[in-house]
1. Counting Lys and Arg as +1 and Asp and Glu as -1, what is the net charge of the other residues whose Cβ lies under 11 Å from the Cβ of residue 85?
2. Between helix 387-397 and the chain, what is the angle of the helix's C-alpha long axis to the longest principal axis, kept within 0 to 90° and rounded to the nearest 10?
3. For residue 282, what charge total do you get from the other residues with a beta carbon under 11 Å from its beta carbon, if Lys and Arg give +1 and Asp and Glu give -1?
4. Can you check what the net charge comes to around residue 292, using other residues whose Cβ is under 12 Å from the Cβ of residue 292 (Lys, Arg +1; Asp, Glu -1)?
5. Among 347, 311, what is the fewest-to-most ranking by other Cβ atoms within 10 Å?
6. Using the eigenvalues of the Cα gyration tensor, what equivalent ellipsoid semi-axes result for the range 41-221 when each is taken as the square root of five times the eigenvalue, whole Å, largest first?
7. Based on the alpha-carbon gyration tensor of the range 323-363 and its eigenvalue square roots a ≥ b ≥ c, which shape applies: rounded if a/c is under 1.5, prolate if not and a/b is larger than b/c, or oblate?
8. What nm value, rounded to one decimal, do you get for the distance between residue 199 and residue 412 when each label is placed 7 Å out toward the C-beta?
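Please treat every number below as a calculation from the coordinates, not as lab data. All values reported here derive from a predicted model rather than from experimental measurement. Neighbour counts are summed over all protein chains in view; Cβ atoms, including those assigned to glycine, are modelled from backbone coordinates with ideal geometry.
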Amino acid sequence: MQLHNTIQIILLVLILISVNKQLIKKSRLILKRTVVVSIWYLSKLVPKSTNLVVFGAENGRGFRGNPKYLFLEMEKNPELKCVWISKDSNTVLELTNKGYLAFKHNSLKGILYQVRAKLVIHSHSINDDFYKVLLGGAISYNTWHGVGLKKVWGANKKTFTYKIIHEKSFIKRFFGKFVVRTNSAKTNFVVSTSEKVSSYYPETYLVKKENVLELGQVRNDIFFIDTEEDREVPSFIKENKIITYMPTHRNFGKIDTDINLIFDFQKLDEFCKKTGYKFIVKRHMYSSGYIPKSYQNIIDISDDNIDPQFLLKYTDILLTDYSSCYTDFLLLDRPVAFYCYDLETYLQKSNEMYHGYFDVTPGPKVRAFSELLDCLAKYIENPSLDCIERERVLNIFYSKENQKAVLEKQVNYVYENILNIGSKVTMEGRYDHEKNKINTYNNRKSNDSNRVL
């Protein structure tokens, strides 16, 4: 009789669950988070290999960004074992063919290397770049992927992290923080570029103030030297005068405006033909849109595997909106204009900002295409326009010591203060800032009259 009653109760519970999809969804979510938190804490018990450093970047999609250059330098150190982890098979194959250690994040070796790593170096979060549940006992060195305007992580009211931290219910806040914790490692560092930027990083990335490291962005070192990779940049970019349009995403592409509605490509193509410029479009990875290939002077390279930093290096005028790419571009002291046709909508539906938009955008703010060509024409005629404003804003985002090559000091900091090894790196002869700054760009500019457009 007792068994019969028990079976009836179980059946009743199952019936109630089956008719309540919301309850099922919530139960699954709780179960999933419980598993994630449990594995994350268990990973802390696995002994770490003191010389093992794992790298990842670009949401696990590619071999680029700040971690790439740290990997290429640190991989030379015989005291270390450096492994690149990716969620993309092509990236793994590319690096393996070049003789580097690289594995998928969910492969057996990839899992073993992640769970044993003492240090993980990445450009987004450990959740984006790795298998986060394996990194509970590691040291996280987050280089980030730009110095932008948009609030993220703990500073963005729309994120899970922010909502949990500010949750009024003690129970929800208590258990939610366990989940938030899994997006970090045992010890966490984040790289900054200036005193101002450092001031809001503890709140943003949930790190101690002393763990914000003002060491710059190593990916921008390529602005100051010529590298082997310069040869891989398409010749039509290196040999022409370039206007680059590089917008950010709108809520991961969910509220993007069709690019054909914000540009009159026929007029733009005629403008470029008249002025001798090529208009390059590099949309954000989350953005959508289509540009007809019939225009001779407008080229969409969004689907091409061109590193954005090298594109910036060969760009004469940058056109953007809210993307952090312009703060890097300021290091080159070239014109930048802002096509903010949807400013109010963007601020309302997408993100809050750390700074007043008009306070840190050193160039014209264009709201309609009818204004855009006049704006570009002025910069073509006089590239030094707004140079004082550009320098003022550059000094907000980049301290003077970070307005040059920074790989040497960053690698040495990791060696001496995080890995505690005695190796020293010197870039003498390779990183002569004053001598090599934008060599390729200057050589190209001096030969403008000989170009075939």
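1. Values: positive: 87, 104, 109; negative: 88, 129.
Result for the local shell: +1.
2. Roughly 20 degrees, rounded to the nearest 10.
3. Details: positive: 283; negative: 300, 303, 304, 307.
Once all neighbours under 11 Å are counted, the net charge is -3.
4. Summing Lys/Arg as +1 and Asp/Glu as -1 gives -1.
5. Values: 347 15, 311 21.
If I rank by nearby Cβ atoms, fewest first, I get 347, 311.
6. Details: eigenvalues 147, 77, 41 Å².
Here the semi-axes work out to 27, 20, 14 Å.
7. Working: a/c = 2.36, a/b = 1.93, b/c = 1.22.
It comes out prolate by the Cα gyration axes.
8. It is 2.9 nm.
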